[in-house]
1. Please state which one of B:206, B:224 is under 19 Å from residue B:88 (Cα atoms) and modelled with pLDDT of 95 or more.
2. Would you mind telling me which numbered condition in (1) assigned to a helix (DSSP H, G or I); (2) under 23 Å from residue B:127 (Cα atoms) residue B:236 fails?
3. Among residues belonging to the range B:248-268 that are more than 23 Å from residue B:111 (Cβ to Cβ) and either in contact (Cβ under 8 Å) with a residue 40 or more places away in the chain or not in a helix (DSSP H, G or I) (or both), point out the one that is farthest from the chain's Cα centre (by Cα).
4. Return yes when residue B:259 is at the interface with another protein chain (Cβ under 9 Å from one of its Cβ atoms), out of contact with any helix residue (DSSP H, G or I) (no Cβ under 7 Å at 6 or more places or on another chain) and on the phi > 0 side of the Ramachandran plot and no when it is not.
5. Kindly provide the set of residues from the range A:1-19 that are surrounded by 14 or more Cβ atoms within 10 Å (Cβ to Cβ) and either away from chain B (no Cβ under 12 Å) or modelled with pLDDT of 95 or more (or both), ordered by number.
6. Kindly indicate the residue of the range A:20-42 that is at the interface with chain B (Cβ under 7 Å from one of its Cβ atoms) and assigned to a loop (DSSP other than H, G, I, E, B) and also nearest to residue B:170 (Cα to Cα) among those meeting that condition.
7. Within the bounds of the range A:45-59, is there any residue that is out of contact with any strand residue (DSSP E or B) (no Cβ under 6 Å at 6 or more places or on another chain), closer than 23 Å to residue B:166 by Cα, within 8 Å of chain B (Cβ to nearest Cβ) and modelled with pLDDT of 75 or more?
């Protein structure tokens, strides 16, 4: 196992972090609602998987 | 703006926001069950630009017909009256309120991207729920926020106040509308759709997409658009005018009741279909 983080994976993690922070903000008023909590969890996983499959942002 | 002025304000919208003549004629003709395909084709053909737009939309990857549709008559045979009427509506209303390339407080490009994504998602949800004509669901989603674009066009200064309040307080656009105007885009959209003699189902969906149970017999259909709107916001498809998400209505959610994996699969399908429909509207 390679425990050293590459620049590419750092960039991917950073962009995923930005997406998650944005989602938390969008869902911040509905956190007590069970359905919306489920939706937030699904949206987070969806965006994370998408960010991982697309790799780092090269722009 | 006081609530007491609502009727006066909205009557002004009715006078200002009028559908183009050809679209209006097509609605009248398709509302009459005795009308023929020839009459519909003749009405559309009065407008060469609209004819070409309808053919382009009918041939877009969103429908995925293997053979090219080259005439309006052919399009009517393949798609049917209701779907042709919906294409005329989509093209005409988009043209009335298209982005004009100027920087605006209300993001029209984002608005139409969100509307298109809602149309596509409504269609996907309608399919899951076994709705007969899933193409109808597309127009419900596409036009659900009609009131926002009408407000931005005809009550620009008041609506700019709404957008500023959304940015200052980081609240839902609907809450800002209630605070600034005393009514919301759903009410405005419902009134305009009624004045345009749009189908009753579409009027109800536009009017009650934030409160599906109030749509009575059209509750299921309003719920589809309500859920589509929330799903699109969850994965950031377009821009509904705010950076918040409203709560899912429990009675709407009961219709689908998806688990996390199914929601993720739906998100993937939504995004794929949105990519396919890029040529549908010239956003």
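1. Details: B:224 fails: under 19 Å from residue B:88 (Cα atoms).
Just one listed residue meets the conditions, B:206.
2. Tallying (1) assigned to a helix (DSSP H, G or I); (2) under 23 Å from residue B:127 (Cα atoms), residue B:236 fails exactly one: (1).
3. The extreme case among them is B:259.
4. It is false that residue B:259 is at the interface with another protein chain (Cβ under 9 Å from one of its Cβ atoms), out of contact with any helix residue (DSSP H, G or I) (no Cβ under 7 Å at 6 or more places or on another chain) and on the phi > 0 side of the Ramachandran plot.
5. Here is the first cut: in the range A:1-19, the residues surrounded by 14 or more Cβ atoms within 10 Å (Cβ to Cβ) are A:9, A:11-13, A:15-16, A:19.
Listed by number, the residues that qualify are A:9, A:11, A:12, A:13, A:15, A:16.
6. A:27
7. No, every residue in the range A:45-59 fails to be out of contact with any strand residue (DSSP E or B) (no Cβ under 6 Å at 6 or more places or on another chain), closer than 23 Å to residue B:166 by Cα, within 8 Å of chain B (Cβ to nearest Cβ) and modelled with pLDDT of 75 or more.
For (1) surrounded by fewer than 20 Cβ atoms within 10 Å (Cβ to Cβ); (2) in a loop (DSSP other than H, G, I, E, B); (3) under 22 Å from the mean Cα position of the chain (by Cα), each residue gets a yes or a no:
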{"residue": "B:23", "(1), (2), (3)": "no, no, yes"}
{"residue": "B:34", "(1), (2), (3)": "yes, yes, no"}
{"residue": "B:53", "(1), (2), (3)": "no, no, yes"}
{"residue": "B:56", "(1), (2), (3)": "yes, no, yes"}
{"residue": "B:61", "(1), (2), (3)": "yes, yes, yes"}
{"residue": "B:66", "(1), (2), (3)": "yes, yes, no"}
{"residue": "B:70", "(1), (2), (3)": "yes, yes, no"}
{"residue": "B:74", "(1), (2), (3)": "yes, no, no"}
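The values are calculated or read from the model by the stated rules, or taken from the named source; none is laboratory data. Here the structure is a predicted model, which is why all the values come from computation and not from measurement. Neighbour counts are summed over all protein chains in view; Cβ atoms, including those assigned to glycine, are modelled from backbone coordinates with ideal geometry.
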